[in-house]
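The values are calculated or read from the model by the stated rules, or taken from the named source; none is laboratory data. Just so we're clear, the structure is a prediction, and the values are computed from it rather than from any experiment. Cβ placement follows ideal geometry from the backbone for every residue including glycine, while neighbour counts extend to all protein chains displayed.
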Amino acid sequence: MATGASAAAGGRSFSFKVVLLGEGCVGKTSLVLRYCENKFNDKHITTLQASFLTKKLNIGGKRVNLAIWDTAGQERFHALGPIYYRDSNGAILVYDITDEDSFQKVKNWVKELRKMLGNEICLCIVGNKIDLEKERHVSVQEAEMYAESVGAKHYHTSAKQNKGIEELFLDLCKRMIETAQVDERARGNGSSQSGMARRGVQIIDDEPQVQSTGGCCSSG
Amino acid sequence: GKLSFANGFVLEGTFTNKSGQGLQTHGVLNTSSEQLDERITKTQLGLREFPVEKRWKGIYDQFLEFLQSGCKEEMEESFTGFHIQTSKELRKSQEYLFCQRGTEDVSWKIEDILEELVQHQELESIQSYLEKALKSSLHPLGKLLKALTVAFQATYSGIGANRHLLTMAQEEVKYYAKKIWEFYRGLLHLALEQKGQLSPRAVDGDMSDQKASSVVLPLILPCFYPELFMLYMLYHEREDDLYCQGIVDLSLFPDIKLLEFLDVQKHLWPLKDLTLTTNQRRSLIKDKCFLSATECLQKLITTVDPREKLLILQKTYEELEGTVGRVLGKDYKLPMDDLLPLLMYVVSRAKIQHLGAEIHLIRDLMDPTNQGGMFDFLLTALESCYEHIQRMRLHPRENCPLPPSS
């Protein structure tokens with residue numbers, strides 16, 4: 001996205017916006033809380049406790065500022081989604097492995113995000129609560145196959161036991177850096193596009209743009 | 001006419017709508033989607049034909065010449081005259097600007113101005129210096145601002161108060177800030193040069209755009225705010241109307257009913273705040289819950305500077321959190337599932353009249369470094385409440401019977 005990367009003096013630095021989507025009780029908030037509080041319990045001024053969190057990372061000499069935006073999981077607020085996920089570089093879509101319904105919700109979000117933002121957004125599908133393996137209702141195979149089919153990555157986590165969370169975010173950051181760099185190179189090649197600041201008379205046809213799935217995020 | 005599609009196709013031809021049978025057309029569909037992005041994103045009036053850089057060149061040029069000539073005292077006369085040339089009508093409306101002319105060369109000499117400039121080079125001191133300079137009708141920067149203010153008012157008030165001109169006006173105000181910052185830098189450069197203190201550090205100007213928006217914009221915004229806000233109101237009139245209807249509907253709800261309707265979780269309800277007199281029923285009390293947050297948010301309209309507005313938003317959030325902490329008797333981190341319904345409650349109680357105009361003005365004029373940050377998040381949350389309240393009105397029956405979703 002437009003605000004994705006900026007060259008700072010003395011090394012590259014990236015700012016990424018990641019939006020957190022998922023049904024009410026899937027544990028998305030505990031997931032990020034775990035992640036952001038785990039290592040350093042620094043009370044950063046620019047966090048809103050649990051709904052907006054920031055984290056600074058250093059990945060291979062590249063500085064990454066991560067801003068994680070929580071969203072309300074209630075179905076009645078679903079229509080507000082676009083306001084939150086616009087200009088996102090990544091999305092973390094959380095479902096509860098014991099709740100088939102929450103996985104369906106994730107699928108709906110994926111469909112919507114791909115339609116609205118195309119392949120520029122890095123998607124992570126996260127099966128949370130793997131500590132409740134015995135009550136699993138969403139099969140690993142099904143979830144992983146689905147993720148692959150839509151060009152997303154799948155992760156297994158447990159916010160309760162702090163499993164898989166660090167990996168999830170690290171991996172996502174790497175993919176977002178990659179996407180930002182590809183994007184930058186493309187922009188450097190002359191095809192300047194400023195997708196921002198759209199206002200005024202604009203006629204948009206209903207057909208979603210044709211996108212080849214699975215192109216974007218073959219991460220490293 | 002010309003019809004541009006989002007995929008880049010352009011249909012050019014004659015469009016007719018006879019006897020209400022839909023749009024009929026006869027024309028050419030151009031499917032080569034070259035160099036079209038520009039056109040699609042900028043369809044507001046005048047933007048392409050008359051980019052912001054080309055506007056009021058006469059005003060800037062005079063100043064630039066004055067600067068390039070080394071700000072000589074004797075040049076000031078011709079410089080101060082610059083705005084007279086734009087048009088006869090303007091001259092009349094501007095005459096009051098020159099009433100202090102007689103005292104000009106006595107009280108505020110350009111040498112003194114340049115001397116003072118050099119004294120203020122730290123950010124905070126620059127800010128207070130610029131504030132003073134821009135308010136003064138004798139300082140070159142103050143004169144520039146006056147001229148721009150008059151030009152802006154003449155353009156965007158009265159017949160110019162048209163929603164189609166919003167983007168144009170908004171861009172223009174930002175550009176003023178940039179230009180004023182550039183001229184400030186120019187003056188400083190000149191002052192240092194004359195003193196022989198020109199260091200490479202003082203010359204670098206690559207932060208210019210960002211500085212302009214963070215330092216100059218808040219200082220000059222009050223001059224353009226009435227006209228600019230009017231354009232925002234006109235632009236968002238329809239949404240604001242829908243939102244207002246929603247607000248009116250919601251204002252009929254007593255506190256407890258509204259908390260319930262908005263799905264605020266029961267354990268977060270500040271029932272202690274509902275003090276009763278003998279002949280009151282708790283279920284009927286209105287406007288008592290989250291009062292501190294509500295009152296805080298209402299201050300939004302008392303400010304002009306987007307940054308101050310954002311701080312009010314932050315304070316509102318803190319008040320909300322404080323109240324929740326008090327209710328629960330412990331610190332509680334509000335996830336969005338809890339925060340959004342609470343914020344909806346506060347927004348619907350605050351009843352800010354032109355909230356849509358406010359939100360978009362803040363978003364357009366806030367420091368761009370806020371993008372993706374906490375302030376952006378808070379503003380987005382506010383925007384989502386605004387949107388939601390609009391939609392409530394559209395489907396009141398569908399919204400009502402929804403069971404709590406947790």
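Below is a table of values for the structure above.
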| item | result |
| --- | --- |
| Yes/no for B:L250 being aliphatic (A, V, I, L, M), within 14 Å of another protein chain (Cβ to nearest Cβ) and either without any contact (Cβ under 8 Å) to a residue 24 or more places away in the chain or surrounded by 20 or more Cβ atoms within 10 Å (Cβ to Cβ) (or both) | no |
| Matching option when the condition is within 20 Å of A:E23 (Cβ to Cβ) and out of contact with any Cys (no Cβ under 9 Å at 6 or more places or on another chain), among A:H154, A:H137 | A:H137 |
| Lone qualifier among A:A67, A:A50 - being touching a Lys or Arg at 6+ places or on another chain (Cβ under 7 Å), within 13 Å of another protein chain (Cβ to nearest Cβ) and modelled with pLDDT under 90 | A:A50 |
| Total residues in the range B:322-356, condition assigned to a helix (DSSP H, G or I), farther than 30 Å from B:L231 by Cα and either within 27 Å of the chain's Cα centre (by Cα) or at pLDDT below 90 (or both) | 4 |
| Those helices (runs of 4 or more DSSP H) lying entirely in the range B:234-304 with at least 3 residues touching a Cys at 6+ places or on another chain (Cβ under 9 Å) | B:255-261 |
| Qualifying residue in the range B:326-336 (condition: more than 13 Å from every other protein chain (Cβ to nearest Cβ), small (G, A, S) and closer than 15 Å to B:L297 by Cα) | no |
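For every residue, the table says whether it meets (1) part of a helix (DSSP H, G or I); (2) within 31 Å of the chain's Cα centre (by Cα); (3) modelled with pLDDT of 80 or more.
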residue: B:F66; (1), (2), (3): yes, no, no
residue: B:G70; (1), (2), (3): no, no, no
residue: B:E111; (1), (2), (3): yes, no, no
residue: B:A133; (1), (2), (3): yes, yes, yes
residue: B:A151; (1), (2), (3): yes, yes, yes
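Let's see how each residue does on (1) surrounded by fewer than 21 Cβ atoms within 10 Å (Cβ to Cβ); (2) within 14 Å of chain A (Cβ to nearest Cβ):
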position: B:R282; (1), (2): yes, no
position: B:F290; (1), (2): no, no
position: B:E295; (1), (2): yes, no
position: B:K299; (1), (2): yes, no
position: B:T303; (1), (2): yes, no
position: B:V324; (1), (2): no, yes
